[in-house]
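Worksheet: one structure, shown below.
Each reported figure results from applying straightforward, stated rules to the coordinates on display, with no laboratory input. This structure is a prediction, so every number in the text was calculated from the model and none was measured. Virtual Cβ from ideal backbone geometry, glycine too; neighbours counted across all protein chains shown.
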Amino acid sequence: MNLDEILNYRRAVRAYDKEKPIDTEKVKHCLELATLAPNSSNMQLWEFYHITQPELLAEVSRDCLGQKAASTAPQIVVFVVRRDWYRKHAQFVLEFERENIRRNSPKERQAKRIKDRELYYGTLMPFVYARFFGILGLFRKLLANIISIFRPMMLEVSENDMRVVAHKSCALAAQTFMIAMANEGYDTCPLEGLDSRRLKRALNLPHGAEINMVIPCGIRNGNKGIWGERCRVPFDEVYRKI
Ligand SMILES: Cc1cc2nc3c(=O)[nH]c(=O)nc-3n(C[C@H](O)[C@H](O)[C@H](O)COP(=O)(O)O)c2cc1C
């Protein structure tokens, strides 16, 4: 399939063929491809739980309110947002980027570029991701609004804004995963209809982790798991050429 065909093939499949197992290694490979998704500041604040054990599959499916997509899926992937990893990842990216610049930038530009990265990942990222009961976010928001009086400035810096930032990036990874799965001839269905507290408990997730999406995986059973024709609002209603 070419990309057009893959995107047309991918549907929210809500019932899977029990007779058709899927290859765990292929699913894992699709998750590796998912990490190639663009993501905010390359912070990669995501984690993927690839569930294959029958008991845990049953528990996750209960936590997804018993939706058929989950209860018939031979494997399930849970996409989790890990804002609590911001320090660790900022440090990792900074160390990588220092060497990256040494390997790939002209000699005379290296010192300045490394200094910029140190400022970005060493100071700015820890500042924008830091949390303290919403208070730090309020302070950042106030500061950003004052700066924006004098020059263009990113305003979405509250703790809740940063939550959206992290979830957006994780959702892009989830979409990349679903496209990669479709390319293998495998089906998926993104789910947010779930009990996040119970699911977090089932996966032993710490307080700082958040469920982004649950994605049951399998192979469609003819058209049984597909709810009819695809519905999209007319393209002209959402496309503005300016
Ligand atoms: C973030 C998100 C959450 C979703 N949650 C559910 C869900 O809980 N249950 C469900 O049956 N479908 C869920 N869906 C699937 C959508 O209903 C589906 O993608 C949409 O109807 C379009 O159909 P298509 O994917 O076949 O094009 C979700 C999709 C997204 C992107």
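Taking the C-alpha atoms only, the angle from helix 24-34 to the longest principal axis of the chain is near 30 degrees. Electrostatic bookkeeping for F79 treats Lys and Arg as +1 and Asp and Glu as -1; over the other residues with beta carbon under 11 Å from its beta carbon, the sum is -2. Relative to the Cα centre, the charge distribution of the chain, modelled as +1 at Lys and Arg Cβ and -1 at Asp and Glu Cβ, gives a dipole magnitude of about 740 debye.
Over segment 137-187, the fraction of Cα-Cα pairs per 5 Å bin, rounded to whole percents and listed from the shortest bin up, is 5, 20, 15, 13, 12, 9, 9, 7, 6, 4, 1. Would you kindly state the longest site-free stretch of the chain, with sites defined as trypsin sites (Lys or Arg not before Pro) in a DSSP loop (not H, G, I, E, B) surrounded by at most 10 other Cβ atoms within 10 Å? With a cap of 10 other Cβ atoms within 10 Å, the longest stretch comes to 1-229. Computed from Cα positions, the angle between helix 54-63 and the longest principal axis of the chain comes to roughly 70 degrees. Seen against the Cα atoms of the chain and their longest principal axis, helix 86-104 is set at about 70 degrees. The alpha carbons of the chain occupy a box of 60, 41, 40 Å along the principal axes, longest dimension given first. Dipole size of segment 201-242 about its Cα centre, with +1 on Lys/Arg Cβ and -1 on Asp/Glu Cβ: approximately 120 debye, rounded to the nearest 20. When both segment 15-31 and segment 44-75 are represented by their alpha-carbon centers, they are found 13 Å apart.
With K and R counted +1 and D and E -1, the other residues having a Cβ less than 10 Å from that of N100 yield a net charge of +2.
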